[in-house]
Amino acid sequence: MKRLTRKMLGVAVGSIMMIGAGLGTASAGPTIDVGDAGSLKIDYQVQFVGSMRDTGSGPDGTGDTTDFYFRRNRLSFLGKMNDDIGYAIQFESAGGNRTFPTSVSATATSESVSIIDAYITYKAADALQFRVGQIKHNLSREVLEHCFIPLSLDRSLFGNGAFSGKATRDYGVVMWGNIADGMLQYRLGAMDGNEKDAAKREDGLRYSGRVHLSLLDPENGYGYQGTYMGEQKVLTVGASYEQEKDAIYNSTSGAVEDYKAYSYDVFFEYPSVAGTITLAGSYLKADMNKAGLNGFTDAEGINGEKNGTFYKAGYMVGKVQFFGRMEDWSFAKLDGVKSQKIKWTASGLNYYIKGQDLKLALEYSMTDFDKESTSVQDFNTMSLMVQARF
């Protein structure tokens, strides 16, 4: 622990020097008028992380690993034709990291640019809206929370949806809307789903549905926030369901299996003169009829067959917000280990220099595996993140 702390001090100093030199004047991006009723907003958002993990380096893999990388490095174009029709396209070049949720890689990830979101929106009424294109799916509130407004350092490392490359976003259409002045929100989606081995099985769509009930201030946007920083009183209860028939294929046996998943969540935030309290909890299960134990590769890994609970809490006073997160997951097969379980806990703080436009987040996390081996060992990670939005 002392060795980890000393090395992370160097990471912290380097990151703070960078933020002070280049990011100290963060502000909202420019908005350009287009035509009589249209507009275009351009913004740049970045999350730069320095982390220290007490494993992963050296000849035997037990040495400390220090890592600088871009968690997110995003350029966005958000526009509208009028009050009813809009669009968004977002480019991202995250990467440069060797540390991952359950492992350390010998080489860093590439930093190639990709389109992370691209969609058109149409609002017929508050109760009837559409989003079409490359969009977030509806299974998990964690996924739907704004990437740059999490409570802890980041959203859940394990609470994404299914299928590699489709765990947070997919191509499709979502119909959604708010009813009863935003107290009730619904979403219905149809998306591509898993397209791997489509020539060897019937390739259908992934269908999803979500509802939430806001008992205090409404959360009536398409996305959520991990914290409202004391600006709203929120109590929202949500539930989601998702399914895809014949979603995965076993290349050895030729068998196919369906996929279905469901999630429940609750979010509470309440400001007072003593500070702002945030509490949240979720349960998610991705069910593939035990295919992850029987040779279906698409049912293995973090984005495969799993179930888990995750909780988080925060307390904000002034510009400082303390947070904690606890997650407990069971995977059909993870990193070659069948019926693996993970307990992940973290604590830390956010320091809001200029709200979410400029902040520092410090987090210390512990990852505990139920089944350890020479290649799978428990580890601890300390991370400092600089976030800026222009």
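Just so you know, all these numbers are worked out from the coordinates, no wet-lab data involved. For clarity, every value in this text was computed on a predicted model and none was experimentally measured. When we count neighbours, we look across all protein chains shown, and the Cβ atoms used for this are built from the backbone with ideal geometry, even at glycine.
Of all the listed residues (ALA332, ALA346), the sole one being within 18 Å of SER103 (Cβ to Cβ), of a type in the set (Gly, Ala, Ser), touching a residue at least 24 places away in the same chain (Cβ under 8 Å) and touching a Gly at 6+ places or on another chain (Cβ under 6 Å) is ALA332.
Out of curiosity, is ARG131 basic (Lys, Arg), within 27 Å of THR381 (Cβ to Cβ) and surrounded by 14 or more Cβ atoms within 10 Å (Cβ to Cβ)? So ARG131 fails the test.
The residue pairs whose first member lies in region 302-325 and is on the phi > 0 side of the Ramachandran plot, whose second member is surrounded by 23 or more Cβ atoms within 10 Å (Cβ to Cβ) and of a type in the set (Asp, Glu), and whose beta carbons are closer than 7 Å, counting only pairs six or more residues apart or on different chains, do not exist in this structure.
This table checks each residue for (1) more than 22 Å from ALA286 (Cα to Cα); (2) surrounded by 15 or more Cβ atoms within 10 Å (Cβ to Cβ).
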{"position": "GLY161", "(1), (2)": "no, yes"}
{"position": "VAL173", "(1), (2)": "no, yes"}
{"position": "ASP181", "(1), (2)": "yes, no"}
{"position": "ALA199", "(1), (2)": "yes, no"}
{"position": "TYR207", "(1), (2)": "no, yes"}
{"position": "GLY230", "(1), (2)": "yes, yes"}
{"position": "THR236", "(1), (2)": "yes, yes"}
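For region 252-299, which positions are part of a loop (DSSP other than H, G, I, E, B) and buried (at least 23 other Cβ atoms within 10 Å of the Cβ)? First the steps, then the outcome.
Residues of region 252-299 that are part of a loop (DSSP other than H, G, I, E, B), as a first pass: 252-255, 273-274, 288-290, 294-296.
Within region 252-299, MET288, PHE296 meet the criteria.
Identification of strands (runs of 3 or more DSSP E) wholly contained in region 330-390 with 3 or more residues that are more than 22 Å from the chain's Cα centre (by Cα) yields 337-352. Is it the case, given these coordinates, that ASN194 is of a type in the set (S, T, N, Q) and assigned to a strand (DSSP E or B)? Spelling it out, it is not the case that ASN194 is of a type in the set (S, T, N, Q) and assigned to a strand (DSSP E or B). Can you name the residue in region 331-363 that is crowded, with 17+ Cβ neighbours inside 10 Å and of a type in the set (Gly, Ala, Ser) and is also farthest from VAL376 (Cα to Cα) among such residues? The qualifying residue farthest from VAL376 (Cα to Cα) is ALA361.
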